[in-house]
Amino acid sequence: MLGLKLPTDPRWVNIVEKNIDEILIDHAYCELKAASTAISLINSFPEYTELVQEMIALTKEEMSHFKLVHDKLLKRGNVLGRDRKDDYVIELLKFFPKGGSRTTQLVHRLLYAALIEARSCERFKLLSEQLPDAELSKFYRDLMVSEANHYTMFLNFARQYGERTEVDSKWQELLDYESKIMQSLSKNASIHG
């Protein structure tokens, strides 16, 4: 369903199990960045009314997810801690060339967002199926559904605003590129890495 070319190495869950607090901190920041992305899309493309309406709703949802993750951290006796760089996103954002028309820039940003959400969904599915902690397992199953919806929303907007054949071609190229990034990741305690 997600179209990812390289699944996460299942051993990544072993790293997560040993570093749950680090994963929760990283996850909290991922939710915050997702809300930030939605706000940025509103600021950058205010003339796309349907997109703006969806991004308003997404901002609210992502902030509610941030609160859920933050509450989990507090319940475990931890604090949020400082943000860490996300090597996955840093590498991913190198794929499309800078510049181009506003429509091209919008489509590229939507495709990046779709892929990040797809990978998050895939990771949350792994966590929901393999974490021995029943509460965290259910938590990630619930979030997995949201991530899948976000992935399809972003991809559908890209197809709506761009030329479908070109968007689908770029999507496949981005998926290929992302699979190469994933070959060097899955080795640390982060949602995407």
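Each value in this text was obtained by applying a stated rule to the coordinates, not by laboratory testing. All of these numbers come straight from a predicted model, not from anything done at the bench. Neighbour counts are summed over all protein chains in view; Cβ atoms, including those assigned to glycine, are modelled from backbone coordinates with ideal geometry.
Quick notes on this one:
- Against the chain, whose longest principal axis is taken from its Cα atoms, helix 102-130 shows a tilt of about 20°.
- Among His108, Ser36, Tyr177 - extreme Cα towards positive end, dipole of the stretch 12-183, charges at beta-carbon: Ser36
- The long axis of helix 134-161 is offset from the longest Cα principal axis of the chain by roughly 10 degrees.
- Mean Cβ neighbour count within 10 Å, used as a protection proxy, ranking 112-121, 64-73, 79-88 highest first: 112-121, 64-73, 79-88
- Percent RCO, i.e. relative contact order, over the stretch 100-158, from Cα pairs under 8 Å lying at least 6 residues apart: 48 percent
- Rg/Rh (Cα only; Kirkwood hydrodynamic radius) as it applies to the chain: 0.96
- The mean sequence distance of close C-alpha pairs (under 8 Å, at least 6 residues apart), as a share of the length of the chain, puts its relative contact order at 34 percent.
- Selected from Gln105, Gln130, Gln53 as most flexible by GNM, with the chain as the system and alpha-carbon contacts under 10 Å: Gln53
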